[in-house]
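Undergrad: Have a look at this one before I ask anything.
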Amino acid sequence: MDWRDHGILLTLRRHGETAAIIEVFTEGHGRHAGVVRGGTSRKIAPILQPGAQLDVLWRARLEEHIGTFQVEPLRSRAAAAFSGRLALSGLNAVVSLLSFCLPEREPHASLYTRTEQLMDLLGQDEIWPLAYLRWELALLDELGFGLDLTACAVTGVTEGLIYVSPKTGRSVSANGAGDWADKLLPLPPCLRGEGTAPDAEIAEALRTTGYFLEHRVAPSLGHNPLPEARARFVDQVTRRL
């Protein structure tokens, strides 16, 4: 069994004395793990940085085996990632959520494309938080927990939408909310792709997407807590206010 693909390095851990087990998010084969022989060597270790774009060749005797990877670097994102705290925390949030959320060996080609585009914006701090927010919306949608923000779930109107129902993920207008307003999540304009998206709005929108990641996605995966890397990124966004 063998295949070749390109992907984004998510995680790695030492395996034995000289090898490493890596996890990559590939376009055609989804989240996939494998052993890299010599992965801790001076030649290969610098290549194996989270967020790196790799060309990978996977081989195994049987498909269900963990298999081995041969890796070649396509693009390093280390310089962009270490350009500042926002970039580094953003990269860590993305790779951690992908490793946490995605089922093994299940292709998500559309999400892969969006992830690659997001990663290529690393270091561009003025646009990164909004790009990341849109990526989280895409992640929720890909996992079957997408938000419907087109019309009020109560009245059907398409204007004056300022809340999101934590139960249904649908938008709610001010009039439709009534006495339930304090139990609803915020729906800032940037969450609907509107307005100038200041940091305060983005932070508020991340509170809403974070709710569905924590209370819908995580329970569906066995009630594990979300990776702390996401909270650290949100904290960096909040610090810019």
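The values are calculated or read from the model by the stated rules, or taken from the named source; none is laboratory data. Everything numeric in this text was worked out from a predicted model, so none of it was measured. So basically every Cβ, Gly included, is an ideal-geometry build from the backbone, and we count neighbours across all protein chains shown. With ligands, DNA and RNA removed, areas are computed over all heavy atoms of the protein, side chains included. Shrake-Rupley method; radii C 1.70, N 1.55, O 1.52, S 1.80 Å.
Undergrad: How many residues does segment 7-19 hold that are under 23 Å from the mean Cα position of the chain (by Cα) and either farther than 19 Å from Leu102 by Cα or open to solvent by less than 20 Å² (accessible area, probe 1.4 Å) (or both)?
TA: 4
Undergrad: For segment 89-99, state whether one or more residues are of a type outside the set (Lys, Arg) and without any contact (Cβ under 8 Å) to a residue 40 or more places away in the chain.
TA: The answer is no, given that none of the residues of segment 89-99 is of a type outside the set (Lys, Arg) and without any contact (Cβ under 8 Å) to a residue 40 or more places away in the chain.
Undergrad: I've got another one for you. In segment 1-33, which residues are outside any strand (DSSP E or B) and touching a helix residue (DSSP H, G or I) at 6+ places or on another chain (Cβ under 6 Å)?
TA: Listed by number, the list holds a single entry, Glu27.
Undergrad: Please enumerate the residues belonging to segment 202-229 that are of a type in the set (D, E, K, R) and surrounded by 12 or more Cβ atoms within 10 Å (Cβ to Cβ).
TA: Within segment 202-229, Glu204, Arg207, Glu214, Arg216 qualify.
Undergrad: Among the residues of segment 132-145, write down those that are closer than 15 Å to Leu102 by Cα and of a type outside the set (Asp, Glu).
TA: If the condition is that a residue be closer than 15 Å to Leu102 by Cα and of a type outside the set (Asp, Glu), then Trp135, Leu137, Ala138, Leu139, Leu140, Leu143, Gly144, Phe145 are the ones that fit.
Undergrad: For residues in segment 62-73 being under 25 Å from the mean Cα position of the chain (by Cα) and loosely packed, with under 14 Cβ neighbours inside 10 Å, which is farthest from Gly30 (Cα to Cα)?
TA: Glu72
Undergrad: In segment 7-36, what count of residues is obtained for those that are among the charged types (D, E, K, R) and free of Cβ contacts under 8 Å to residues at least 60 places away in the same chain?
TA: Matching residues across segment 7-36 total 3.
Undergrad: Next up: When you go through Thr168, Thr209, Thr150 one by one, which is the residue that is more than 18 Å from the chain's Cα centre (by Cα), under 27 Å from Thr113 (Cβ atoms) and among the β-branched types (Val, Ile, Thr)?
TA: When all the criteria are applied, what remains is Thr150.
Undergrad: Still on this structure, please answer the following. Which is in contact (Cβ under 8 Å) with a residue 40 or more places away in the chain, closer than 28 Å to Phe212 by Cα and open to solvent by 70 Å² or more (accessible area, probe 1.4 Å), of Arg59, Arg85, Arg4?
TA: Arg85
Undergrad: What is the number of the single condition among (1) closer than 13 Å to Cys101 by Cβ; (2) part of a loop (DSSP other than H, G, I, E, B); (3) in contact (Cβ under 8 Å) with a residue 12 or more places away in the chain that Glu214 does not meet?
TA: (2)
Undergrad: Related question: Within segment 39-52, is even one residue open to solvent by less than 70 Å² (accessible area, probe 1.4 Å) and assigned to a strand (DSSP E or B)?
TA: no
Undergrad: Here's a check for you: in segment 156-201, which residue that is assigned to a helix (DSSP H, G or I) and in contact with a Cys (Cβ under 6 Å, 6 or more places away or on another chain) is surrounded by the most Cβ atoms within 10 Å (Cβ to Cβ)?
TA: Checked segment 156-201; the qualifying residue surrounded by the most Cβ atoms within 10 Å (Cβ to Cβ) is Gly176.
Undergrad: Counting just the residues of segment 100-144 that are within 21 Å of Val237 (Cβ to Cβ) and polar (S, T, N, Q), which one comes out least open to solvent (accessible area, probe 1.4 Å)?
TA: Result: Thr115.
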